[in-house]
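Have a look at the structure below before the remarks.
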């Protein structure tokens with residue numbers, strides 16, 4: 001399991017000595033025991049395929065040139081080492097397969113493993129690039145000792161995930177990480193024992209930049225024991241305050257607060273059918289069950305879902321994914337099921353369905369709107385009842401007709417008729433009101449129908465024609481406005497009626513061609 | 001008359017009792033126009049039914065006829081759903097007519113006939129909307145019957161605007177409109193509770 005000396009830790013930036021880490025006055029939690037899990041070949045292992053048999057390496061760019069970050073065992077046997085330049089590595093091992101480093105994939109894998117580690121402890125810390133810290137003292141008794149915890153984690157890591165790893169336990173996080181990185185699976189229980197336990201670690205494992213490392217080498221410092229022997233005051237001056245603080249954190253003299261990992265919540269449940277279902281109708285009861293489980297999950301964590309995906313699995317073809325956007329913050333199964341049914345009406349499945357999965361990742365905190373506490377009792381007649389069922393009706397309409405076809409109306413304060421109303425997408429807030437400010441009512445009569453674009457009218461035989469000659473009976477109302485935003489309108493509006501009885505709202509432009517237009521109907 | 005028979009006649013307003021027009025006990029909302037109230041059996045717009053309004057043209061005053069009903073519904077905080085109207089309803093005018101535009105939802109023109117009919121049916125089935133206004137093209141009688149049943153089931157009134165009357169349409173109230181000076185001529189083509197086809201001229205405030 002251990003091969004301590006072959007891998008030298010390579011730090012581009014020293015992760016443990018970052019100026020952002022706060023060093024507060026000496027205080028350390030005497031009770032905590034940190035189990036560090038170090039994954040030396042993480043960047044290789046997250047790549048697809050089996051890289052233990054092939055000579056492969058992960059390269060990283062520094063200063064415009066490529067260097068080896070991590071190697072597989074066959075490559076190591078050939079002599080490729082970490083930190084080597086790519087050209088040298090290729091000379092030693094001509095059939096070396098290289099991959100660029102993928103930090104985001106590494107982070108994702110670490111977070112997944114942290115999720116798993118949460119089974120063993122309530123405090124898990126993700127150390128970027130390649131390590132996890134698990135607080136083990138709190139779970140020691142429950143799992144029957146730290147060795148048992150280590151064994152369970154080892155089973156998971158080597159079985160399901162096929163990672164190689166090193167463990168170590170110590171009272172401070174920094175010391176655990178350091179020990180794990182050297183590959184010694186040490187268990188240190190008391191803070192006082194740290195100095196002696198860490199004494200034998202070569203200084204190459206310490207997070208230092210190249211200059212300082214060379215400086216140490218020149219001074220004759222080889223292992224940490226030599227560092228302990230150096231006078232403390234001079235340490236900061238020689239190797240930097242940051243290094244001195246780091247050592248204090250390692251020994252537990254300074255506290256080392258780190259960010260605890262919180263897993264992101266998502267919901268995923270599956271149902272398998274014992275036979276292939278051809279008709280989607282027969283799959284909907286299972287979908288109803290999944291939706292009710294989703295609602296329980298949402299209630300438990302006080303969330304509401306914005307979007308979920310229903311996946312239908314087929315035997316030979318890829319899964320059919322149906323995405324459903326949920327606009328209302330309802331957590332009732334019936335509302336969600338009605339939405340789903342509306343959505344499924346337009347879905348055609350290419351092959352018989354053998355399983356269903358409901359996956360909801362897009363969740364947010366539940367913003368309260370007063371729901372009836374006793375859902376079985378008939379709700380008292382109040383406005384909230386209408387608003388929630390209006391919400392679900394609008395949700396169904398949106399799904400079938402499209403988001404843009406639903407608009408709300410609001411009067412605006414503008415003299416120009418076409419700008420005096422706002423047809424916008426429906427904004428309904430939690431209270432069920434479409435938000436718009438109150439605008440005072442205009443005195444002059446306005447037509448109930450407005451044309452989207454004014455229609456030019458012809459003048460013939462001295463009369464305005466809209467399918468038949470129009471007779472005026474009211475007017476003119478002069479509207480001049482809009483000189484400030486380039487949409488200058490200067491019009492005289494009249495009311496007219498044509499032979500067929502339509503009441504027209506006609507205007508004439510005051511400038512330019514003095515053309516007549518029809519703008520609306522007094523319906 | 002036998003007591004049971006009398007009770008039967010009282011309980012079922014749909015039973016025609018001859019020329020004597022009985023007081024209709026269906027729930028109604030006042031139309032806002034006195035002559036119109038007198039015209040309709042029940043004294044107002046009947047609830048829970050599908051209303052067909054047949055008008056030769058848009059813009060002769062058909063919306064003005066409904067304006068008091070719309071205003072009353074928005075005062076009761078019920079929603080108005082307009083499905084694919086031929087032109088855009090104008091918010092300042094609605095405001096002048098007493099309609100609270102906060103409760104207006106408009107489905108823009110351009111959706112398919114099937115989608116429009118589906119929306120009408122869905123809206124009629126829920127309790128959410130107070131009034132659904134639609135301008136469908138051709139609707140067959142079986143579909144009209146379905147919409148009428150949906151309207152009867154929920155608490156929503158449905159109004160369909162048509163250009164032509166279909167024979168034997170199953171809707172419970174059918175009105176024919178004709179333009180008139182200073183108002184509009186309304187003829188009751190069909191109403192529950194009466195066989196008479198009466199008409200009256202409704203006066204609007206202005207032309």
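Each residue in the range B:157-179 was checked for being at pLDDT below 85 and under 13 Å from the mean Cα position of the chain (by Cα), and 2 pass.
For (1) within 30 Å of residue A:62 (Cα to Cα); (2) free of Cβ contacts under 8 Å to residues at least 40 places away in the same chain; (3) not in a helix (DSSP H, G or I), each residue gets a yes or a no:
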| residue | (1), (2), (3) |
| --- | --- |
| A:204 | yes, no, no |
| A:211 | yes, yes, no |
| A:221 | yes, yes, yes |
| A:228 | no, yes, no |
| A:236 | yes, yes, no |
| A:244 | yes, yes, no |
| A:247 | yes, yes, no |
| A:258 | yes, no, yes |
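For residue A:306, the conditions (1) modelled with pLDDT under 85; (2) assigned to a helix (DSSP H, G or I) are fulfilled apart from (2). Do we find a residue being in contact (Cβ under 8 Å) with a residue 24 or more places away in the chain and farther than 22 Å from residue A:44 by Cα anywhere in the range A:100-110? Within the range A:100-110 (the criterion being in contact (Cβ under 8 Å) with a residue 24 or more places away in the chain and farther than 22 Å from residue A:44 by Cα), the answer is no, since none of the residues qualifies.
If the condition is being farther than 11 Å from residue A:506 by Cα and either without any contact (Cβ under 8 Å) to a residue 60 or more places away in the chain or within 14 Å of another protein chain (Cβ to nearest Cβ) (or both), then the range A:482-495 contributes A:483, A:484, A:485, A:486, A:488, A:490. Only one of the numbered conditions (1) in contact with a helix residue (DSSP H, G or I) (Cβ under 9 Å, 6 or more places away or on another chain); (2) under 23 Å from residue A:274 (Cα atoms) is not met by residue A:339, and that is (2).
Conditions tested, residue by residue: (1) touching a helix residue (DSSP H, G or I) at 6+ places or on another chain (Cβ under 9 Å); (2) buried (at least 20 other Cβ atoms within 10 Å of the Cβ); (3) more than 19 Å from residue A:171 (Cα to Cα).
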position	(1), (2), (3)
A:204	yes, no, yes
A:209	no, no, yes
A:213	yes, no, yes
A:217	yes, no, yes
A:239	yes, yes, yes
A:249	yes, yes, no
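Listed by position, the strands (runs of 3 or more DSSP E) enclosed by the range A:388-499 that each have at least 2 residues that are at pLDDT 80 or above are A:406-411, A:449-456, A:458-460, A:463-465, A:470-481, A:489-498. Taking the conditions exactly as written (at the interface with chain A (Cβ under 7 Å from one of its Cβ atoms) and farther than 27 Å from residue A:400 by Cβ), does residue B:71 satisfy them or not? Judged against the criteria, residue B:71 is not a match.
This table checks each residue for (1) touching a helix residue (DSSP H, G or I) at 6+ places or on another chain (Cβ under 7 Å); (2) within 12 Å of another protein chain (Cβ to nearest Cβ).
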{"position": "B:85", "(1), (2)": "no, yes"}
{"position": "B:102", "(1), (2)": "no, yes"}
{"position": "B:128", "(1), (2)": "yes, yes"}
{"position": "B:133", "(1), (2)": "no, yes"}
{"position": "B:140", "(1), (2)": "no, no"}
{"position": "B:154", "(1), (2)": "yes, yes"}
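Among the residues of the range B:137-146, just one is part of a loop (DSSP other than H, G, I, E, B) and either crowded, with 18+ Cβ neighbours inside 10 Å or at pLDDT 90 or above (or both), namely B:139.
Every listed requirement among (1) part of a loop (DSSP other than H, G, I, E, B); (2) more than 9 Å from every other protein chain (Cβ to nearest Cβ); (3) out of contact with any strand residue (DSSP E or B) (no Cβ under 6 Å at 6 or more places or on another chain) is met by residue B:171 save one, (3). Only one entry of B:182, B:176 meets the criterion of being within 14 Å of chain A (Cβ to nearest Cβ) and touching a residue at least 40 places away in the same chain (Cβ under 8 Å), and that entry is B:176. Quick check on my filter: what residues within the range A:498-515 are surrounded by fewer than 22 Cβ atoms within 10 Å (Cβ to Cβ) and either away from every other protein chain (no Cβ under 14 Å) or in contact (Cβ under 8 Å) with a residue 40 or more places away in the chain (or both)? Across the range A:498-515, the qualifying residues are A:508, A:509, A:510, A:511, A:512, A:513, A:514, A:515.
Within the range A:357-387, how many residues are within 26 Å of residue B:88 (Cα to Cα) and modelled with pLDDT of 55 or more? Here the count works out to 1.
Of all residues in the range A:309-351, those being surrounded by 18 or more Cβ atoms within 10 Å (Cβ to Cβ) and part of a loop (DSSP other than H, G, I, E, B) number 5. Are any of the residues in the range B:117-131 at pLDDT 90 or above and under 18 Å from residue B:31 (Cβ atoms)? Yes, the range B:117-131 has at least one match. Taking the criterion of being away from chain B (no Cβ under 14 Å) and farther than 28 Å from residue B:179 by Cα, the only residue of the range A:467-480 that qualifies is A:480. Residues in the range B:104-126 that are more than 7 Å from chain A (Cβ to nearest Cβ), crowded, with 19+ Cβ neighbours inside 10 Å and out of contact with any helix residue (DSSP H, G or I) (no Cβ under 8 Å at 6 or more places or on another chain): B:116 alone.
For the range A:127-155, the candidate set comprises residues that are within 16 Å of residue A:39 (Cβ to Cβ) and modelled with pLDDT under 90; within that set, the residue that is nearest to the chain's Cα centre (by Cα) is A:128.
Every listed requirement among (1) within 14 Å of chain A (Cβ to nearest Cβ); (2) out of contact with any strand residue (DSSP E or B) (no Cβ under 7 Å at 6 or more places or on another chain); (3) without any contact (Cβ under 8 Å) to a residue 24 or more places away in the chain is met by residue B:97 save one, (3). The residues on offer are B:89, B:30, B:13, B:56, and the sole one that is farther than 17 Å from residue B:129 by Cα, within 13 Å of chain A (Cβ to nearest Cβ), modelled with pLDDT under 90 and surrounded by fewer than 18 Cβ atoms within 10 Å (Cβ to Cβ) is B:56. All of (1) at pLDDT 85 or above; (2) under 24 Å from residue A:444 (Cβ atoms) hold for residue B:102 with one exception: (1).
If the condition is being surrounded by 19 or more Cβ atoms within 10 Å (Cβ to Cβ) and farther than 28 Å from residue A:103 by Cα, then the range A:130-145 contributes A:137, A:139.
The values are calculated or read from the model by the stated rules, or taken from the named source; none is laboratory data. These figures come from a predicted structure and were not determined experimentally. Glycine also receives a Cβ, built like all others from the backbone with ideal geometry; neighbour counts cover every protein chain displayed.
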